[in-house]
Every structure is written in structure tokens, then in C-alpha cells.
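Visitor: Structure provided below as C-alpha cells; questions to follow.
Just so it is clear, none of the values below were taken in a lab; they were calculated from the coordinates. Remember, it's a predicted structure, so these values are computed and weren't measured experimentally. As a convention, Cβ positions derive from the backbone with ideal geometry for all residues, glycine included, and neighbour counts pool all protein chains shown.
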Amino acid sequence: MLAIGDSYLPVAQMAEHLDGWDGDVEYRSVTVVDGPPIERIREHQGDPAQISDWLGATPILLVHAAAVPAMIFEQHPTLEVVACARGNPVNVDLAAAHEHGVTVLHTPAKNAVAVADLTMASTLLLLRRAVPAARWLTDRAASGERHLDSTFAGGAWMATEPRGLTIGIIGFGAVGRAVAEQAERYGMRVLAFDPFQSGDDRLVELDELVATSDVVSIHAPAVDETRHLVNRDLLAAMRRGAHLINTARESLLDEAAVLDALNDGHLAGAALDVCEPTGRWPELAAHPNVLVTPHIGGATRQTQDRAMSMLLDDLARIELGEPPLRVKRP
């Protein structure tokens, strides 16, 4: 096996799980490499030519973000399995893998709990006005103030508890359902919209969800049909004073429309774990009622441990002649 770590899933953590692997394991590591786009893959690290040199005749390639384009399958007929520690292995050319008879394993919902944790934490921070309150303190400290009498300072940040409020979840897959579970523990009413789900009395139409929710949380997949799902029309249909959370993908939001809704007070606040790379994130990050984080939703050690466990479980099944459970097809 060739195991290639990266800045997100390092070799050291891979090695902890592969310590008992019945076979030889060679470890390599990649970083972000500037270069032209590679056809049919994205969000990758490493130089494909270097990865090809490392691979040789090894039948199993285990990666997280390492680039696995068509040339890897074309140049390595002995490759049998690519095990990718991502929910959606966008760094692997699935069509080429299928054409060359290579099995691609992936790790669906590995980060569901972690993303739900961040979503709920963001919900609480927004409702409790913790973002502007913290910035108020930071500004005071930066101005040179040294005295803080906090006995009654909280009165300026009177806020709302989550109990009794409604959270609307757009996208009711593994992450959306994990968010619902946590929100209900806090006494929130849950509404959900997902055109591919049924049989749950929390599911409603999108217009009802946005019109009645105090918090709208986005967990839809990033596909052409959902680009700018949250646009000016949807924002206008939301309750005035509602909060918006996106811990899914940046393409789901029209950032200019979100910024305008924040500036005119229609949106009370927003928490964004993802932003367009060359979009309006500097203005959003500077906004007093916005919490912006650098895509940390799934950035937990436990998420990566779950991914490795999933992959090793399926690799063991293959070794035993059993069908793997998590195969990604084109």
C-alpha cells in the first residue's frame, strides 16, 4: 500500500491506523501545488507526476487530498483500489477509475457529527450575540482601556435562548439530521426541506421553512442546481431578524445578497464556515454580526479517525473476498 498524507490528514495519523496492516506500507506526503486545472478532479494536493513515480506497482493507494487523475490509472495497470478519506472524492477521476476497473472507496458522512457540532455552536453564538459582544471587548482592549466592570455590561447584549425557536434545515441528509438531533436537545422546533427525502413529519416546503424559521441552516449538496440557492429572493422571504448559517459549501450562497441583507438589518446575523475564495469574505468577516471560520466544520481528529476506520473496514472486506460497503461510482 502507498499511503499519501497531506496538510489535513497527516501521515502520522494515517500510520496510527495502519500500524497493524497486514502488508507493506510506504508513506509519502503532499502539499498544495500551484498549477493548471486538472481535468475531472478538483480540491487536490500534490504533483500527479510525483505521485505516479511513488506508486510504482503498488495495488492499493490510500489518499485524502492527493491528486489521482486519469494518468494514474493509465500508467498503473496493477492498481486495484483507491481508498480516499473524503465523503466525496473529488480529487479522484472516478470515470477513469471505472474505465480501468479500479475500486474507489470513500467515507460518506465521516464529518456529520463534527459539522453538526459547529453548526449548533454557531447557532448559539449568533442567538447570544456573542460575536458583537466579543468584538466590543476586543475594540476596548485595542483602544488601550484597562478597566472592565462587567457586572452590568451584559445588559447591552441582551439576547435570545434557543428554546422554543424554530430552526429550518435545508438539506436533510446525514449532517442535516445530526443538526436536527442537537437542535431538539436545546428545545428548538425543527423544520426541514429536502426534495429527496420523505416520511418525516418535519419535512416542509422551502417557502414555509424560510418564512417561519428563526435560524436557517444550509446543508444541501453543491451541484449546479443549488448554486446560489440562498439568493435575494430567498433572503427576502426569510423572517426579518432571522439568522443564517452555512457550514456546507460556499457556492450555495449569493454572498453579495447576504451582505446586503445583513447591512439593511433583514438578517440579524450569519455564521459562514465557507466563503468564495475571491468573493466578499473580507467584508463579511469584518461585519459585526457575522462569524466567519475557515472551513473548520470537519476539521477534527475524530473525523479523520472515522475516515481511516471506514477505509480499513472496507479494505479488510476486500481482502476477505467480501464486497466493500462504501464504493464511489461515477
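Visitor: Any idea which of Ala96, Phe73, Ala109 is furthest toward the positive side of the dipole for the chain, if Lys and Arg beta-carbons carry +1 and Asp and Glu beta-carbons -1?
Guide: Value computed over the given set: Ala109.
Visitor: Which value, in debye to the nearest 20, gives the size of the charge dipole of the range 22-92 about its Cα centre, when Lys and Arg are +1 and Asp and Glu are -1 at the Cβ?
Guide: So the dipole magnitude of the range 22-92 works out to roughly 260 debye.
Visitor: Same structure, new question: Taking only the Cα atoms of the range 222-330, how large is their convex hull per residue, in Å³?
Guide: 137
Visitor: While we're looking at this one, here's another question. Given a 10 angstrom Cα cut-off, can you work out which residue in Pro108, Pro288, Pro277 is the most mobile in a GNM of the chain?
Guide: Pro277
Visitor: Counting only trypsin sites (Lys or Arg not before Pro) that sit in a DSSP loop (anything but H, G, I, E, B) with at most 12 other Cβ atoms within 10 Å, what is the longest stretch of the chain containing none of them?
Guide: Longest site-free region, per DSSP loop and neighbour criteria: 43-145.
Visitor: Do you know the relative contact order of the chain, to the nearest whole percent, from alpha carbon pairs under 8 angstrom that are 6+ apart?
Guide: Relative contact order, the chain: 16 percent.
Visitor: Taking only DSSP H segments of four or more residues, each worth -39500 (n - 2.57), what value at 222 nm results for the chain once the sum is divided by all its residues, to the nearest 500 deg cm²/dmol?
Guide: -10000 deg cm²/dmol
Visitor: A further question on this structure: Contact order normalised by length for the range 180-330, with contacts defined as Cα pairs under 8 Å and 6 or more residues apart; what percent is it?
Guide: 15
Visitor: Just order 11-21, 253-263 by mean Cβ neighbour count inside 10 Å, highest at the front, would you?
Guide: 253-263, 11-21
Visitor: Let me ask something else. Given axes a ≥ b ≥ c from the Cα gyration tensor, I'd like to know whether the range 46-195 is rounded (a/c under 1.5), prolate (a/b larger than b/c) or oblate.
Guide: Because a/c hits 1.5 or more and a/b fails to exceed b/c, the range 46-195 counts as oblate.
Visitor: Please give me the summed charge of the neighbours of Pro132: other residues whose Cβ is under 13 Å from its Cβ, Lys and Arg +1, Asp and Glu -1.
Guide: Numbers: positive: Arg128, Arg129, Arg135, Arg140; negative: Asp139.
Taking every other residue near Pro132 into account, the sum is +3.
Visitor: Turning to a different aspect of this structure: On a full-extension model of 0.36 nm per residue, what is the gain between Thr151 and Val25, subtracting their alpha-carbon distance, rounded to one decimal in nm?
Guide: 39.4 nm
Visitor: Compute the signed sum of charges (Lys and Arg +1, Asp and Glu -1) over the other residues within less than 14 Å, Cβ to Cβ, of Val292. Before the final figure, lay out the partial values.
Guide: Details: positive: Arg135, Arg280; negative: Glu250, Glu255, Asp273, Glu276, Glu283.
Computed value for this residue: -3.
Visitor: Follow-up question, since we're still on this one. Expected output is a single nm value to one decimal: the length gained when fully extending between Ile38 and Met158, i.e. 0.36 nm times separation in residues minus the C-alpha distance. What is it?
Guide: Here the answer is 38.1 nm.
Visitor: Shape call for the range 192-243 from the C-alpha gyration tensor, a ≥ b ≥ c root eigenvalues: rounded (a/c under 1.5), prolate (a/b greater than b/c) or oblate?
Guide: oblate
Visitor: Only helices at least 20 Å long along their own axis, judged from Cα atoms, and with Kyte-Doolittle mean hydropathy of 0.0 or greater: name those in the chain from DSSP H.
Guide: Span-like helices here: 112-127.
Visitor: Starting from the Cα-Cα distance between Ala141 and Thr300, subtract it from 0.36 nm times their residue separation and give me the gain in nm to one decimal.
Guide: On the way: separation 159, 0.36 × 159 = 57.24 nm, distance 3.11 nm.
The span from Ala141 to Thr300 would gain 54.1 nm if fully extended.
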